[in-house]
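J.: Shown below is the structure under consideration.
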Amino acid sequence: MLTVVYDRRSEYGFVPNLIQRLDIKPKSKEWWDLCIEPPYSFEFRFLRYLDADQIPYQEILIDDYQGADGIYPINLNIYDKSIDYFALIRPESLQKVREHALNIVFYYSEGDDVMLDISGHLTLLSTQYSIPRKSIKMVCANALVTDIPGYYYIPDDELYYRYLHLNNSDYVKHINLDQRSKKFTLLNRMDKPFRRLFAGSLHYHGLTNDAYFSYTNQNYNTLSVDENNDPVYGWNKWFTKTKLILDNFSMHLPIYADYLTDDKHNDHKHIERKFYEDAYWHIVTETHFASWTGFLTEKTFKPILNLQPFVIVGPPGSLLLLKDMGYKTFGNWINEDYDRVVNDEKRMYYIFKLVWQLSQFTHEQHQDLMIKMAPVLKHNQELLLSSKSKKLTNLIDKMSL
């Protein structure tokens, strides 16, 4: 059974590791804001997934811990290499790690390139504090870490989106086989160069006129994102009108899909059913596009839950990753070769061309596709909602080694 060890406990229960304050009430605004304030540590969300599948675990204060296979979880929303994480850990916990009686586990639900900044920083901290490097582990949402010792992949957004809707009746349960109003749904909240170019290209060519389309143009204000030198701005082979498209698109922003407000746009609990039932396809603009990550977020699992076929504007291998997880895609009916194109500019062009082709289908053609794809859509929804016990227990074994 998993043993989860904490430094502190307040009158409200165990306090997320690294957090020094004892007065923050769970589920308050201050509690949720922990993830956006240094050191960006918040509640260990993994335990919610264990609860959903009734997998037992125990939580304990370091003062009471006598075991040899427990984990000290640090659930981070942002990994900031300027922070000395180990300076925020109680000496008693660090000593247990030195004695090989406890593992520090960074739980990171993002898809960062761990070899770029994270790995070197953790090695530096382990040396500075005389911590065995093998006692420091990271669980993250980048599927490309599987061959790196001490790093383990978890599709956290699959688990989290399932957790949010597992016991609700708010998602789409029947495939609409009637004629729909829109060809596709494409929703963008945060502004990123690759999203802006893709969405702007669709808009420039008039393809968004027959879609539920939004681009609210919000900007990141966290230190983890730097888009100023993005290679998208230098693309000139497959997208020869890049500057024209971007400049033209900027004049129209923000664009909202009907009454979808910013707060609903980012509310993972909220499902606007017409975006799935009244549009044939979902065009997913993922969090990352470059080839250094394998990262699927709730953006991909939304159409899966709601019985809608999709195209992913994301890193190469995104569809392959879904297939490795047991999901089925739509290569029997559309050209999914884009998933194998490593060159980012060329891959985006392939995706744009595919969406253009889908937009040219008649309603009768789309209806025929929905009938044929219905078994795949139902399979995917059932898989998303199915037990994740095996996946979770396998990860528990790796974290506790």
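J.: Determine which member of the set I55, I71, I104 is touching a helix residue (DSSP H, G or I) at 6+ places or on another chain (Cβ under 7 Å), within 27 Å of N167 (Cα to Cα) and either assigned to a loop (DSSP other than H, G, I, E, B) or β-branched (V, I, T) (or both). Explain how you work it out, then say what you get.
T.: Details: I71 fails: within 27 Å of N167 (Cα to Cα); I104 fails: within 27 Å of N167 (Cα to Cα).
That would be I55, the only listed residue that is touching a helix residue (DSSP H, G or I) at 6+ places or on another chain (Cβ under 7 Å), within 27 Å of N167 (Cα to Cα) and either assigned to a loop (DSSP other than H, G, I, E, B) or β-branched (V, I, T) (or both).
J.: Which of the residues belonging to region 367-401 are of a type outside the set (S, T, N, Q) and not in a helix (DSSP H, G or I)?
T.: K388, L401
J.: Of a type outside the set (S, T, Y), over 13 Å from the mean Cα position of the chain (by Cα) and surrounded by 15 or more Cβ atoms within 10 Å (Cβ to Cβ): which single residue out of F330, F295, F301 fits that description?
T.: F330
J.: Looking at region 321-332 only, could you name the residues that are over 17 Å from E298 (Cα atoms) and aliphatic (A, V, I, L, M)?
T.: Answer for region 321-332, where residues must be over 17 Å from E298 (Cα atoms) and aliphatic (A, V, I, L, M): there is none.
J.: Can you tell me which residue in region 359-390 is surrounded by the fewest Cβ atoms within 10 Å (Cβ to Cβ), limited to those that are closer than 30 Å to D69 by Cβ and in contact (Cβ under 8 Å) with a residue 60 or more places away in the chain?
T.: That would be S387.
J.: Okay, next question. Starting from residues that are part of a helix (DSSP H, G or I) and of a type outside the set (D, E, K, R), keep the ones in region 36-52 and report whichever is nearest to T393 (Cα to Cα).
T.: It comes out as L50.
J.: Identify all residues within region 26-35 that are in contact with a strand residue (DSSP E or B) (Cβ under 9 Å, 6 or more places away or on another chain) and either small (G, A, S) or assigned to a loop (DSSP other than H, G, I, E, B) (or both); write none if there are none.
T.: P26
J.: Can you list the helices (runs of 4 or more DSSP H) found entirely within region 248-366 that contain at least 1 residues being under 17 Å from S214 (Cβ atoms)? Reasoning before the result, please.
T.: Working: elements: 262-265, 274-277, 298-305, 318-324, 344-360.
It comes to 262-265, 274-277, 298-305, 344-360.
J.: Also, I was wondering about something else. Against the condition out of contact with any Gly (no Cβ under 9 Å at 6 or more places or on another chain), hydroxyl-bearing (S, T, Y) and closer than 22 Å to K182 by Cα, how does T300 come out, does it pass? Spell out the reasoning first.
T.: On the way: out of contact with any Gly (no Cβ under 9 Å at 6 or more places or on another chain): no; hydroxyl-bearing (S, T, Y): yes; closer than 22 Å to K182 by Cα: yes.
Considered against the rule, which asks whether it is out of contact with any Gly (no Cβ under 9 Å at 6 or more places or on another chain), hydroxyl-bearing (S, T, Y) and closer than 22 Å to K182 by Cα, T300 comes out as no.
J.: If you go through region 198-218 one residue at a time, do you hit one that is touching a residue at least 60 places away in the same chain (Cβ under 8 Å), more than 30 Å from L401 (Cβ to Cβ), open to solvent by 50 Å² or more (accessible area, probe 1.4 Å) and part of a strand (DSSP E or B)?
T.: Looking for residues that are touching a residue at least 60 places away in the same chain (Cβ under 8 Å), more than 30 Å from L401 (Cβ to Cβ), open to solvent by 50 Å² or more (accessible area, probe 1.4 Å) and part of a strand (DSSP E or B), one finds none in region 198-218, hence no.
J.: How do the pairs read when you match residues in region 104-130 that are in contact (Cβ under 8 Å) with a residue 40 or more places away in the chain and under 18 Å from T146 (Cβ atoms) with residues anywhere that are outside any strand (DSSP E or B) and open to solvent by 40 Å² or more (accessible area, probe 1.4 Å), using Cβ under 7 Å and keeping only pairs 6 or more apart or on different chains?
T.: Once the first residue is in contact (Cβ under 8 Å) with a residue 40 or more places away in the chain and under 18 Å from T146 (Cβ atoms) and sits in region 104-130, its partners that are outside any strand (DSSP E or B) and open to solvent by 40 Å² or more (accessible area, probe 1.4 Å) give D113/W292.
J.: Filter region 149-167 down to the residues that are among the hydroxyl-bearing types (S, T, Y) and outside any helix (DSSP H, G or I) and list them by number.
T.: Residues satisfying the conditions are Y151, Y152, Y153.
J.: Checking F14 against (1) open to solvent by 20 Å² or more (accessible area, probe 1.4 Å); (2) closer than 20 Å to Y108 by Cα; (3) free of Cβ contacts under 8 Å to residues at least 12 places away in the same chain, which test does it fail?
T.: (3)
J.: Which is closer than 20 Å to A290 by Cα and among the aliphatic types (A, V, I, L, M), of L384, L377, L321, L358?
T.: Within the list L384, L377, L321, L358, the selection yields L321.
The values are calculated or read from the model by the stated rules, or taken from the named source; none is laboratory data. Note that the structure is a prediction, hence the values are computed from the model and not measured. Every residue, glycine as well, gets a Cβ built from its backbone with ideal geometry; the counts of neighbours run over all protein chains shown. Surface accessibility is based on the protein's heavy atoms, side chains included, excluding ligands, DNA and RNA. Shrake-Rupley method; radii C 1.70, N 1.55, O 1.52, S 1.80 Å.
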